[in-house]
Amino acid sequence: MKDDPPNTTDLPSFRGTRTGPEVEDIKQSFLDNLFYGIGRVPSVATRNDLYTALALTVRDRVFHHSVHTIETHEEQQARRVAYLSAEYLPGPHLGLNLLNLGITEQARQALSQLGYDLDDLIEQEDEPGLGNGGLGRLAACFMDSLASLQVPAVGYGIRYEFGIFEQTIRDGWQVERTDKWLRYGNPWEVVRPEIYHEVKFGGYTEPWTDEKGHHRVRWVPDNVVKGEAYDTPILGYRVGTSNLLRLWKAEAVESFDFAAYNQGDYYRAVEEKMSSENITKVLYPNDELVQGKILRLQQQFFFVSCSLQDLLRVHQARGGRPENFHEKNAVQLNDTHPAVAVAELMRLLVDEHELGWDTAWQVTSQAIAYTNHTLLPEALEKWPVEIFARLLPRHLEIVHEINHRFLEGVRAKFPGDDERLARMSLIDESGPRFVRMANLATVASHRVNGVAQLHSDLQKKTVFHDFAALCPDKFCNVTNGVNPRRFVAVGNPALTKLITERIGDGWLHELSELRKLEPFASDPDFQNRWREAKLGNKQKLAELIEAGTGIQVNPHTIFDILVKRIHEYKRQHLCVLQILTLYLRLKHDPRADFPSRTFVIGGKAAPGYFMAKLIIKLINAVSTFVENDPAVRDRLKVVFFPGFNVKSAQHIYPAADLSEQISTAGKEASGTGNMKFALNGALTIGTLDGANVEMREEVGEDNFFLFGLTVEQVMELRSRGYRPRDYYEQNSRLREVLDLMGSGALSNGDKELSRPIVDNLLSHDPFFLLADYESYVDCQNQIGALWADQQNWTRKSILNVARMGKFSADRSIDDYCERIWNVKPVHVHVG
Ligand code: F58
């Protein structure tokens with residue numbers, strides 16, 4: 001791909017060596033940064049020193065854009081987006097920033113002239129694992145797209161000292177290790193000690209009357225924590241805009257409480273410091289399960305309060321008044337984790353800025369909007385009222401007041417319908433009392449969106465049914481998207497080069513331009529080169545697999561890949577049933593006619609989620625089992641890829657032939673891995689779930705391998721009374737597979753190991769694996785047959801890429817701007 005800075009007038013020009021784009025500039029500033037930035041000379045520099053010097057060199061150039069962006073945004077005072085997310089998974093910054101600046105090749109040459117290899121240094125970067133999975137990664141893709149589309153925006157979140165744990169595998173089991181991502185420092189962030197906010201916790205409230213005779217409430221906390229800003233610039237692709245990701249770190253208000261110290265209570269002062277700092281110590285590693293842990297509520301409130309105070313501060317510094325806050329700020333809640341923002345914004349406006357309740361409510365509800373990412377009941381956040389009251393006494397009062405006013409409205413519209421009131425109330429009173437965060441977010445938001453059309457439709461039919469009956473216009477859909485710059489241009493240079501040679505590089509700005517590839521889908525020369533690119537990527541992944549697991553895989557086999565968080569609803573164990581089905585076919589007929597496959601499965605399991613961890617162990621057991629069988633091992637390989645994260649994902653998606661998107665219909669809100677695979681030329685085997693539905697519509701049903709029950713069929717089967725054992729009894733193939741699993745053969749005779757999984761499947765099977773098994777296996781057989789026809793396979797692969805334009809995060813952000821935020825781009829010129 002051509003990587004020169006484009007020469008349109010509205011693109012940044014650089015001045016001076018320090019931020020210049022030429023090879024010589026980069027060489028000089030790299031050496032300067034090595035010398036002056038970290039005090040090293042090349043002869044003694046470690047790989048990390050070299051990486052840091054290069055990161056600083058790139059950061060200089062990014063900051064150049066940041067400064068212009070801030071200036072332009074100050075001048076124009078345009079409405080901006082504040083994205084509130086408890087999680088961000090940005091991935092390594094270096095490669096993407098180089099691409100966005102358009103200086104990858106110059107940097108490569110500069111380093112090579114100095115005797116270093118750019119890719120080596122890019123590999124050195126530890127990624128910030130400040131999220132669990134799709135939700136955090138989506139937030140990062142959105143930050144990139146906001147900047148690339150030149151939308152004024154700031155991302156607010158938490159600077160966890162320890163991000164998502166590192167996963168290693170010991171004896172087939174997941175072992176968690178602390179993620180020390182800050183171990184060698186982080187050259188991309190800048191601490192802003194002068195930008196901080198105080199956040200109160202606990203205590204009590206008291207009424208008072210002000211001099212005008214107004215009834216007021218004062219919150220007397222028993223604890224105050226300071227949030228300090230850490231800023232990371234997020235540069236757009238080949239534009240002047242560089243927005244901010246501002247993450248808050250908790251600090252004690254004073255390092256030492258001298259009063260306490262003087263009284264000799266030194267330890268109490270130190271303890272207070274430690275407990276304040278604990279708030280941002282570690283990310284909770286659960287996906288799709290929320291536990292009512294008090295520290296988690298503290299984290300949420302901490303970052304929300306800092307962020308809203310910051311927004312109000314900037315708003316006022318720009319001459320805004322609290323009552324027009326919503327005109328200048330669109331505040332987006334990424335799921336309910338920041339939903340306490342509703343009560344905090346009300347508190348700030350009413351208690352601190354002295355607005356009347358109705359005005360404050362107008363401002364709050366016009367500023368805030370909420371994205372829901374899940375329909376799973378165990379993932380819908382609710383806080384025990386008692387915990388909420390203890391930590392946030394004033395906010396509980398505010399929630400009650402909002403609830404009171406809201407329910408009055410509902411009562412007026414649906415008189416006498418007490419059950420409806422109970423369902424819609426912000427407080428769950430069916431047993432022990434809880435604050436329902438999704439209800440709070442929904443009531444206060446002017447828009448609520450789902451993340452794929454199917455998900456948004458289901459929301460209105462299920463969790464938000466009553467709310468949609470009350471305000472149908474509040475609900476909308478914004479289908480997720482991904483960042484093609486990171487996941488194709490940076491991750492898959494071979495494919496990028498090939499595409500760009502044919503259709504130019506406009507697709508990196510406007511992904512729908514990939515359509516221009518369609519005429520080449522059947523071109524034999526293009527097909528050959530397409531296959532070569534894929535093969536090269538598979539070879540690279542094979543090297544990584546061998547380094548990480550010791551397993552040698554053959555790049556000429558089908559790379560059949562399933563990577564995502566491990567969860568029963570995502571059905572990694574359905575893939576295991578298919579692997580064992582192929583295994584048994586080979587045992588029955590060693591010459592069975594199907595192509596050899598390499599299954600790569602990866603993902604982290606929540607540390608407390610027993611079944612998910614057992615699924616990992618099962619996959620590893622199957623891996624060893626087939627590897628130990630000489631009659632099978634050249635036809636079937638099973639790899640559990642340890643430590644799946646953004647960095648390894650960049651190597652994995654480009655190498656896939658087949659993408660497994662096999663969740664139970666109705667359970668996966670959208671999925672985004674599905675998009676990353678398809679954009680890299682993998683064909684998808686999938687259910688009609690999440691965004692799979694829209695992907696299939698786009699790429700065409702002939703180019704998508706569909707199997708399994710639909711949402712309606714799942715619901716129907718459930719209500720009819722699902723009996724998984726019937727499938728076992730009626731399907732001899734399935735019976736043989738489950739018997740093999742239960743026999744202990746996979747685990748050196750230990751029958752107990754897979755028992756929880758087998759028993760669960762036979763007697764409950766809440767995710768309908770057995771019901772979908774036959775259709776899945778049949779579909780896999782069709783895929784095997786298609787592989788034999790490489791031309792047809794390649795044609796479908798090209799058509800998949802050509803028709804994925806819709807799934808750019810740029811399109812998602814356009815939709816948010818239009819349907820929810822009413823925010824316009826601001827052009828930033830970098831002189
Ligand atoms: C994911 N949610 C959805 N949650 O599962 C996926 O379908 C969707 O594509 C993605 O969001 C983006 O919209 C998700 O990743 C979490 O990780 C939460 C972390 C905090 C606890 C609850 C789950």
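Side notes on the structure shown:
- Loop-located GluC sites (Glu not before Pro) across segment 735-831 with a Cβ neighbour count of 13 or fewer within 10 Å are Glu752, with loop assigned by DSSP.
- Three semi-axes of the equivalent ellipsoid, segment 782-825, Cα gyration tensor, whole Å, largest first: 38, 9, 5
- Annotation for segment 105-207: trypsin sites (Lys or Arg not before Pro) lying in DSSP loop with at most 14 further Cβ atoms inside 10 Å of their Cβ are Lys180, Arg183.
- Segment Asp629..Arg733, full-extension length gain: 35.4 nm, with 0.36 nm per residue of separation and the alpha-carbon distance subtracted.
- Straight-line reach from Lys587: taking Cα to Cα under 27 Å and skipping same-chain neighbours fewer than 8 places apart, the lysines in range are Lys617, Lys637, Lys751.
- Cα-centred dipole magnitude for segment 277-391, charges only on beta-carbon of K, R (+1) and D, E (-1), debye, nearest 20: 220
- Asp789-Thr46 pseudo-label distance in nm [points 7 Å out on the Cα-to-Cβ vector]: 5.6
- Peptides 83-95, 498-510 ordered by packing proxy, namely the average of other Cβ atoms within 10 Å per residue, highest first: 83-95, 498-510.
- Taking all Cα-Cα distances within segment 751-831, those exceeding 16 Å account for 76%.
- Toward the positive end of the charge dipole of segment 565-671, with +1 on the Cβ of Lys and Arg and -1 on the Cβ of Asp and Glu, the farthest Cα among Tyr583, Pro595, Ala665 is that of Ala665.
- Eligible lysines near Lys249 by straight Cα distance, threshold 24 Å, same-chain separation 8 or greater: Lys180, Lys200, Lys226, Lys273, Lys281, Lys293
- In units of the compact-protein estimate 2.2 N^0.38 Å, segment 384-531 shows a Cα radius of gyration of 1.68.
- Mean Cβ neighbour count within 10 Å, used as a protection proxy, ranking 758-765, 676-683, 466-473, 411-418 highest first: 676-683, 758-765, 466-473, 411-418
- Debye-sum result for the chain in log10 I(q)/I(0), which assumes one identical scatterer on each alpha carbon, at q = 0.07, 0.10, 0.11 Å⁻¹: -0.55, -1.14, -1.35
- FRET efficiency, Tyr36 to Tyr266 (Cβ-Cβ, R0 30 Å, nearest 0.05): 0.15
- Principal semi-axes in Å for segment 670-712 [√(5λ), Cα gyration tensor, largest first]: 16, 12, 8
- Global form of segment 604-650, assessed from the alpha-carbon gyration tensor, a/c cut-off 1.5: oblate
- Within a straight-line Cα-Cα reach of under 30 Å, Lys413 can be paired with the following lysines, leaving aside sequence neighbours fewer than 8 residues apart in one chain: Lys382, Lys460, Lys461, Lys474.
- At R0 = 45 Å, FRET efficiency that the Cβ-Cβ distance of Asp222 and Trp173 yields, to 0.05: 0.60
- Looking at segment 307-349, the trypsin sites (Lys or Arg not before Pro) that sit in a DSSP loop and have at most 13 other Cβ atoms within 10 Å of their own Cβ are Arg318.
- Translational diffusion coefficient (Stokes-Einstein; Kirkwood radius from C-alpha pairs) of segment 165-247 at 4 °C, 1.567 mPa s, in µm²/s: 72
- Pairwise inverse Cα distances across segment 615-683, averaged and inverted, put the Kirkwood hydrodynamic radius at 14.0 Å.
- Screening the chain for DSSP H helices whose Cα atoms reach 20 Å or more along their own axis and whose mean Kyte hydropathy is at least -0.5 gives 134-148, 294-317, 572-588, 610-627, 769-788.
- Extending 7 Å from the Cα toward the beta-carbon at both Asp759 and Lys212 defines two label points whose distance is 6.7 nm.
- Antiparallel bridges, percent of DSSP beta bridges restricted to the chain (to nearest 5): 45
- Given R0 = 51 Å, the distance between the Cβ atoms of Gln316 and Glu697 translates into a calculated FRET efficiency of 0.65.
- Bins of 5 Å from zero: percent of alpha-carbon pairs in segment 213-314: 2, 10, 14, 17, 16, 15, 11, 8, 4, 2, 1, 0
- Contour minus Cα-Cα distance for Asn324 and Asp119 (0.36 nm per residue): 68.9 nm
- The slack between Val67 and His400, meaning 0.36 nm per residue of separation minus the straight C-alpha distance, is 115.5 nm.
Computed from the coordinates by the stated procedures, all read-outs in this text should not be read as laboratory data. In this text, all values refer to a predicted model and were calculated from it rather than measured experimentally. Cβ: placed from backbone, ideal geometry, glycine included. Neighbour counts: every protein chain shown.
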